[in-house]
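The values are calculated or read from the model by the stated rules, or taken from the named source; none is laboratory data. Because the structure is a prediction, the values reported are computed rather than measured. Ideal geometry is used to build each Cβ from the backbone, glycine not excepted, and the neighbour counts take in all protein chains shown. Side chains included, ligands, DNA and RNA excluded: accessible areas come from the protein's heavy atoms. Shrake-Rupley method; radii C 1.70, N 1.55, O 1.52, S 1.80 Å.
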Amino acid sequence: MIWKASLHGQAFVLHEDPISANCYKIRLTAALLGLPLSRRAYDIRKGETRTPEFLARVNANGRIPVLEIAGASGIRFLPESNAACWYLASGSRLIPTDRFAQADMLRWMFFEQYNHEPNVATLRFWLAYIGEENLSEAQKGQLGAKRSAGEAALRLMDEHLAKHDWFVGHGITLADIVLFAYTHVAEEGRFVLDDFPAIKRWISRIEALPGFVALN
């Protein structure tokens, strides 16, 4: 589905690190909606989002992703992955029209940022990209707690998906997109997805959608 009605005349640039699944959420949202999206890559491990130019021009918080929006109002920058997904998807089939369903979608998006991402995503980054041997003692001390919290988040998701094909309603919404991003690569953080069969079936449903693009 191509969604252009509320985005007419706008052009988008995603400021991203290609390894980041937070950045991938935005790419996947745009792809499922048929929206063109240019990409500007940074390496967060080299501090490329902490330069004076980036902080002054793109995001004073020194983080990615940032969605750059060029339109009649000039050039604007929208940080935070879930906010950028919302901006692209507003008015599309990826956001329910029913008021309760819309709030329920937001509930899962908040869950993703509070319960899921700080644990599943952090372990993926630490173990797959930093290396356990390179972690600080403080980080090593958090490994067990983050694994337990990440497994609890995945278990809750699996229990929900054992009864529902999607997190909200009868089709994909932003709730699915934001949770998919780090869940489908959770094994890079040494989580065992075979322990969560409903999640694995849900991952396959998303990967089969028209317009789907992979992280890598």
For the stretch 165-181, give me each residue that is buried (at least 18 other Cβ atoms within 10 Å of the Cβ) and either among the acidic types (Asp, Glu) or not in a loop (DSSP other than H, G, I, E, B) (or both).
Leu174, Ala175, Asp176, Ile177, Val178, Leu179, Phe180, Ala181
Matching residues in the stretch 60-78 (under 19 Å from Phe12 (Cα atoms), open to solvent by 20 Å² or more (accessible area, probe 1.4 Å) and not charged (D, E, K, R)) number 9
In the stretch 128-141, is there at least one residue being charged (D, E, K, R) and either closer than 17 Å to Ala21 by Cβ or under 16 Å from the mean Cα position of the chain (by Cα) (or both)?
no
All positions within the stretch 122-134 that are of a type in the set (A, V, I, L, M) and open to solvent by 10 Å² or more (accessible area, probe 1.4 Å):
Leu127, Ala128, Ile130
Could you list, in sequence order, the residues of the stretch 196-216 that are of a type in the set (Val, Ile, Thr) and more than 15 Å from Ala181 (Cα to Cα)?
none
Residue under question is Asp165, and the condition is that it be more than 21 Å from Ala128 (Cβ to Cβ) and touching a Lys or Arg at 6+ places or on another chain (Cβ under 7 Å); does it hold?
yes
Quick one: how many residues across the stretch 1-42 are farther than 20 Å from Pro118 by Cα, in a loop (DSSP other than H, G, I, E, B) and modelled with pLDDT of 95 or more?
5
Scanning the stretch 182-208 for residues that are surrounded by fewer than 15 Cβ atoms within 10 Å (Cβ to Cβ) and among the hydrophobic types (A, V, I, L, M, F, W, C), which turns out nearest to Pro36 (Cα to Cα)?
Ala208
On the basis of being part of a helix (DSSP H, G or I), out of contact with any His (no Cβ under 8 Å at 6 or more places or on another chain) and in contact (Cβ under 8 Å) with a residue 12 or more places away in the chain, does Leu55 make the cut?
no
Restricting to the stretch 135-150, and then to whatever is buried (at least 16 other Cβ atoms within 10 Å of the Cβ) and among the charged types (D, E, K, R), can you tell me which residue is farthest from Gly47 (Cα to Cα)?
Arg147
Flag if Ala153 is touching a His at 6+ places or on another chain (Cβ under 6 Å) and more than 14 Å from Arg190 (Cβ to Cβ):
yes
Kindly establish whether Ala162 is of a type in the set (Gly, Ala, Ser), touching a helix residue (DSSP H, G or I) at 6+ places or on another chain (Cβ under 6 Å) and open to solvent by 20 Å² or more (accessible area, probe 1.4 Å).
yes
Please determine, by comparing only the residues of the stretch 106-121 that are aromatic (Phe, Trp, Tyr) and touching a residue at least 24 places away in the same chain (Cβ under 8 Å), which one is least open to solvent (accessible area, probe 1.4 Å).
Trp108
When you check Phe125 against the structure, is it under 20 Å from the mean Cα position of the chain (by Cα) and more than 26 Å from Phe100 (Cβ to Cβ), yes or no?
yes
